[in-house]
Amino acid sequence: MLVASRIVVLILFLISEGESIRLESGVHLFVDNQYIDELTSLEFQNGLVQKDLANPIVHPEYPWESAVHFYTSFIQVPSSLSLTGQPTYMIYYACAPSYAILFNYSVSVCVATSTNGINWTKPLLSYYPYTANGTEPPQNTNIVFQTSINEFLGSVFIDTKQGIPRVEIFKMTYENSSRYVYIATSPDGLKWTAGSGPANPVATLSDTQTSMFYSNENGGQYVLYGRHDAGIANSTQQCPGAGLDFRHVMVTVSSNSSYGPWTKPIEAFPLGAPDPIQCFDSYNPAALYYHDVYLLFPSGMLHWALKESGAPIPRAGANDGVMDIRLSYSRTALGPYQFVSRDSFISRGIGTIDPISKLVNGTGSDRDAGFVFASSNGLLDPDFVKTFNNDDSNPSHWIYHLYWGSQTTHAGGGAFLPRYWPHAYSGIFKAKLRREGYIALSTLATDPVGFGSFRTEILSLPQAIPNKELHLKLNAQIATAGSLNVQFEDGNTKDPIRGFTFKDFKTLHGNYIRQLVEFIREDNTTFSDLTPLANYERGVRIHIQMTHTKLYSWVFSYS
């Protein structure tokens, strides 16, 4: 019986060990309950965004870009791939001259570049010259690619899969007339070669815009987001505009190449309650892979009835309305994706609707008052162009998310931006947010006491490194009246571990991106080395109590 009892104990111990979550060094985001076993009086909230409408990254300056349209994508180019030898930001956007109607003309892809994220240049190249009135001498332009009529830019990304030849390392998704996803390639992000055939076998997947990138999930895989699947009915009912099957955000993955084979596309998230059932839509699956979390930025659109639109042709008027940018997330590419809140992540600006044209008043509204679209891969990190020797211990406090905005509604912005409302503004803007600040685990704003706590699942801390100290740093916004305390506990019993209890902890106050977790010894000296816990045989739980606090991430690092 004694032997049997010991076997049972050993089995339970191994099960417990197998269920622990292994944490590696680096940044871990708080966007969901992945690390959390018990939670009290806390909630997840969208991060706080500060828009900069006075300083757009891109706005119309040349005749071939009288319309800066909502299809935009952003990349950060390392010095090894940059033509200048410097780290470079590049923003791609759909552009068209004033006479163009998107449904009837080919659409160009323009580019702007920056080495600091503040000053932007539109390189004038000879690839696609512009001839004014069809008779004037040709001018160099910042056009780097063109699609055929009613075909649009998807996204641009740097293919980080090992073995990709330099001539194909920059990739651009775009659609053809049957809305298949095509891929253009480039060695430098400027000179592009069009794709020779569909990258994905599903027709109509490329409605509105596609997003693609390479992630490290499952040993490395391509992830493709599209829109529209004729095989899926939608809960949205009785809307004017496109058919019901156009209103999905779809996702598919490939572990082999950007040409597949791809998994069958599935809905990233279903439409329906708590979203409005009637006349609600999800546009633009702009996406971002950020610290191993997939972030999706669909634009929610409320369709207007045809009589509410002032668009000059029924095709546009039947698909009119306003929209803002929302935020959803998933730990895996195939989801399902969750919404922290149906509140706007980036709202459209304050504006009024013109009573005659039914478009947003171009002179009495914010520059993005009509509707907004997130840029695909749209994170601008100012540290990308700085030299930190790969040290993430003291990063810049702020990052920026890029988006497109216009003073027109969807019908005006989609087809007639420079023609129908020539004085309406459109451009690409940046929204400022805290580093790692897309989502926060927060104490409840409705609770005047503002106290909350959580205890993690069983964790295995990063493996010890000889002659190195393991540190934990927190990205937390702690109010003046607030505080944060940490305790390490036995993974099985949840008993506090001696020397790492709340009583021993040096309480945190203030608003910091990397605030060091420290404990106080009996002689009142402090220490921050967690290596004694790195190989704790039963794993550890981290118990955090916080008051009037927003917690964004924790960082484990060796120094």
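Read-outs throughout are calculated quantities, based only on the coordinates presented, and are distinct from any laboratory measurement. Predicted model, so just to flag it, every value in this text is computed and none were measured. Backbone-built Cβ (ideal geometry, glycine too); neighbour counts: all protein chains shown.
Of note:
- Two-site FRET efficiency, residue 194 against residue 503, from Cβ-Cβ distance with R₀ of 56 Å, rounded to 0.05: 0.25
- The range 20-69 versus the range 279-349: alpha-carbon centroid distance in Å: 15 Å
- Cα gyration tensor category, rounded, prolate or oblate, for the range 52-199 with a/c compared to 1.5: oblate
- Cα-projected label distance for residue 19 with residue 52, points at 7 Å along beta-carbon direction, nm: 4.8 nm
- Take every Cα pair under 8 Å whose residues are at least 6 apart in sequence, average their separation, divide by the length of the chain, and the relative contact order is 16 percent.
- For the range 435-522, the dipole from Cβ point charges (+1 on Lys and Arg, -1 on Asp and Glu) about the Cα centre works out to 220 debye, to the nearest 20.
- Sparse-neighbourhood loop sites, GluC sites (Glu not before Pro) in the range 502-559 - DSSP loop, at most 10 other Cβ within 10 angstrom: 522, 537
- Sorted peptide list for 121-127, 55-61, criterion being average Cβ within 10 angstrom, highest first: 55-61, 121-127
- Taking the C-alpha atoms only, the angle from helix 2-18 to the longest principal axis of the chain is near 30 degrees.
- Positive-end residue, the chain charge dipole about Cα centroid, Cβ charges, pick of 300, 323, 104: 104
- Net length gained if the chain between residue 447 and residue 305 were fully extended (0.36 nm per residue, minus Cα distance): 47.0 nm
- A dipole drawn for the chain from +1 and -1 charges on Cβ atoms has a positive end, and of 213, 345, 198 the residue lying farthest that way is 198.
- Of 94, 274, 376, farthest towards positive along the dipole that unit charges on Lys, Arg, Asp, Glu beta carbons give the chain: 94
- Read-out Cα Rg over 2.2 N^0.38 Å, derived from the coordinates shown; its label in (i) 1.05; (ii) 1.15; (iii) 1.35: (i)
- Checking every one of the trypsin sites (Lys or Arg not before Pro) in the range 140-225 against DSSP loop status and a limit of 15 other Cβ atoms within 10 Å picks out 161, 191.
- For the range 500-540: relative contact order, % (alpha-carbon pairs under 8 angstrom, 6 or more apart): 27 percent
- Distance between the pseudo-spin-label points of residue 40 and residue 114 (7 Å out from Cα toward the beta carbon): 4.6 nm.
- In this calculation the C-beta distance from residue 332 to residue 161 is compared with R0 = 22 Å, giving a FRET efficiency of 0.75.
- Ordering of 20-33, 398-411 by packing [mean C-beta count within 10 Å, highest first]: 398-411, 20-33
- Dipole magnitude for the chain: computed about the Cα centre from +1 point charges on Lys and Arg Cβ and -1 point charges on Asp and Glu Cβ, it is near 520 debye.
- Taking the convex hull of the alpha carbon positions in the range 56-132 and averaging its projected area over all directions gives 5.6 nm².
- Ranked by the mean number of other Cβ atoms within 10 Å of their residues, highest first, the peptides 40-49, 539-548 come out as 539-548, 40-49.
- For the residue pairs 51/307; 468/503; 161/550, alpha carbon separations beyond 28 Å are given by 51/307; 161/550.
- Computed Kirkwood radius, in angstrom, where 1/r is averaged over Cα pairs of the range 436-497: 14.9 Å
- Estimated distance in nm for a label pair at residue 511 and residue 86, the labels positioned 7 Å out from Cα along Cα-to-Cβ: 3.2 nm
- The range 246-315: relative contact order as a whole-number percent, Cα under 8 Å and 6+ apart: 25 percent
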